[in-house]
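Report on one structure; see the data block that follows.
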Amino acid sequence: MFTGIVEGIGKVIKIEKKTDNRSAVKMTVDLGKHARGLKIGQSVALNGVCLTVTGISNSKCNFEMIEETTKKTDLGNLKEGGVINIERSLKVGDRMEGHFVLGHVDGVGIIKKIERKPKEIKIWFEIPRNLAKFVVQKGSIAVDGISLTVVDVRKNLASVCLIPHTVDVTNFHTRKIGDKVNIETDILGKYILK
């Protein structure tokens, strides 16, 4: 489990699409200082996708993805040299600063508009129609693993505002119109609706 409070960004070092094992893709990511104390088998959210560490060499960690992961998330679009949001899993006793984020991405959205203001950036993105019912104004949403508050909802469009700190410590400083982002709607809303 995660909170959507991204700890920093890592760099995609290598992507292998032909692997020796059952996974569809093997990815090596330099987690920098966030690799400290990490063990094989532990979970890390990369762009909001919960992945298992399958190998570690200093700060470089391997993650394997099945076809379902590469199809349902934006991780299938990553390229070597790209930057990716990192969040280590929640420890019992940690503060819940964001909201409950499982790392189970519901779908991929597309950035439609970026409004840059002096002290914030407002980002509009298109949500897959089947997820729109779970997105509510002032509710929580994870976009590329970042816990954010929904500002506006218009049919299958939603907006969020980012403060400068969030832009600085996440990969959002690299995002542009047309980019795909991972969307995880609030688990509490899903249970209530069900």
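The values are calculated or read from the model by the stated rules, or taken from the named source; none is laboratory data. These numbers come from a predicted model, not from an experiment. Please note: Cβ atoms are built from the backbone with ideal geometry, for glycine as well, and neighbour counts cover all protein chains shown. These accessible areas exclude ligands, DNA and RNA; they are computed on the full protein's heavy atoms, side chains included. Shrake-Rupley method; radii C 1.70, N 1.55, O 1.52, S 1.80 Å.
Given S57, M96, I111, which one lies farthest toward the positive end of the charge dipole of region 48-133, if we put +1 on the Cβ of every Lys and Arg and -1 on the Cβ of every Asp and Glu?
Highest projection toward the positive end goes to I111.
Computed on alpha carbon atoms, what radius of gyration and Dmax characterise region 72-194, expressed in Å?
14.0, 41
Find the relative contact order for region 1-93 and round it to a whole percent, using C-alpha pairs within less than 8 Å whose residues are 6+ positions apart.
Working: 194 pairs, mean separation 35.9, N = 93.
Computed value for region 1-93: 39 percent relative contact order.
Less than 15 Å from a label point 7 Å out along the Cα-to-Cβ axis of V151: which backbone N atoms in region 123-137 qualify, by residue?
The answer is 123-126, 137.
Between the DSSP loop rule and a limit of at most 11 other Cβ atoms within 10 Å, which GluC sites (Glu not before Pro) in region 90-194 are left?
E97
Mind checking region 1-110 for trypsin sites (Lys or Arg not before Pro) that DSSP puts in a loop (not H, G, I, E or B) and that have at most 12 other Cβ atoms within 10 Å?
K17, K18, R22, R36, K39, K79, K91, R95
Given Cα pairs under 8 Å that are at least 6 residues apart, what percent is the relative contact order of region 1-158?
Across region 1-158, relative contact order equals 26 percent.
Accessible surface of M96 in the full protein assembly, 1.4 angstrom probe, to the nearest 10 Å²?
80 Å²
Assuming R0 = 22 Å, can you tell me the calculated FRET efficiency for the pair K133 and K72, based on Cβ-Cβ distance, to the nearest 0.05?
Efficiency, rounded to the nearest 0.05: 0.75.
With a cut-off of 8 Å between alpha carbons and a minimum separation of six or more residues, what is the relative contact order of region 80-173 in percent?
Answer for region 80-173 is 26 percent.
According to the square roots a ≥ b ≥ c of the eigenvalues of the Cα gyration tensor, what is the shape class of region 58-142, taking rounded for a/c under 1.5, prolate for a/b larger than b/c otherwise, and oblate for the remainder?
Working: a/c = 1.39, a/b = 1.21, b/c = 1.14.
Rounded is the answer for region 58-142, as its axis ratio a/c remains below 1.5.
With a cut-off of at most 10 other beta carbons within 10 Å, and DSSP calling the residue loop, which trypsin sites (Lys or Arg not before Pro) in region 117-176 qualify? Please list them.
K119, K138, K155, K176
What translational diffusion coefficient, to the nearest whole µm²/s, does region 1-98 have by Stokes-Einstein, given a Kirkwood radius computed over alpha-carbon pairs, a temperature of 10 °C and 1.306 mPa s viscosity?
117 µm²/s
When each pair of different Cα atoms in region 97-148 is counted once in the 1/r mean, what is the Kirkwood radius in angstroms, to one decimal?
After inverting the mean inverse Cα-Cα distance, the result is 12.4 Å.
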